[in-house]
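We did not get these values from a lab; they are worked out from the coordinates using the rules stated. Just so you know, these numbers come straight off a predicted model, no measurement behind them. Cβ sites come from the backbone with ideal geometry, for glycine too, and all protein chains shown count toward neighbours.
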Amino acid sequence: MIERSLVLLKPDAVQRSLVGNIIRRFERAGLKIIGMKMVWVDEEFAKKHYTDDLIPIVGNKTKKDWDEFGVEYTESAEEIGKMIVDGTRKYISEGPVIAMVLQGIQCVEVIRKIVGSTGPKDSPPGTIRGDFAHMALGYASLQKRGIPNLIHASANVKEAEEEIKLWFKDEELHDYSLVHEKFVK
Ligand code: CDP
Ligand code: MG
């Protein structure tokens, strides 16, 4: 039940000086930072993080928003998805990010709750994406850009394992105790 998750503070979070504010939210929930660094990735690396598998997923998210908003379009979900994934790869590589591995009890799910939904517009107040942004996915997609939604967090345990391997070497992850661990064991 003790899990690890990859969290990235994306270029907009770094450039808006929100790093401390965001990390604080994970620390106060009792999650342990077991690895952290600043990295500026290129688009080649971004392709390994945002793989082509994402194309139909993000395409359908935008399609849902456009349908609700009455946007007229002729592209398929696949075509929309490809455009968004390209934009998202550009966005993640446009400045340095803070990459972290967090550890805690079922932390993959806990972190996703703290983060909110993919679109800030759909994320409730109190979540990172809901508190620091408000943009809708469909709006960003109309501009052919990846939505600046501040943060990435692994979606499930398998994704977390793959992403941690991509971003961190074993020796960059540390084993130590937090003083409050006796209260959560
Ligand atoms: O980040 P999350 O797991 O919530 O969403 P995803 O479906 O895995 O999409 C990955 C990233 O693609 C998002 O965090 C956004 O930065 C971007 N995206 C977007 O710009 N527009 C969409 N319609 C869907 C995703
Ligand atoms: Mg995801």
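Tabulated results
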quantity	calculated
The range 80-106 residues near the modelled residue 68 label - backbone nitrogen below 20 Å, point 7 Å along Cα→Cβ	80-81, 84-85
Rounded FRET efficiency, nearest 0.05, which uses the C-beta distance separating residue 40 from residue 122 and R0 of 25 Å	0.30
Protection proxy ranking, peptides 114-127, 158-171, average beta carbon neighbours within 10 Å, highest first	114-127, 158-171
Contour excess over end-to-end distance, with Cα ends at residue 134 and residue 60 and 0.36 nm allotted per residue	24.7 nm
Inter-label distance for residue 174 and residue 156, nm, one decimal - labels placed 7 Å from Cα along Cα-to-Cβ	3.3 nm
Point-to-point label distance, residue 51-residue 78, nm (Cα→Cβ direction, 7 Å offset)	1.9 nm
Bins of 5 Å, starting at 0 and running to the largest distance - Cα pair percent for the range 2-174	1, 9, 17, 21, 22, 16, 9, 4, 1, 0, 0
Residues of type lysines that residue 64 reaches as a straight line, Cα spacing below 29 Å, ignoring anything fewer than 8 places off in the same chain	10, 47, 48, 82, 90, 113, 121, 144, 158
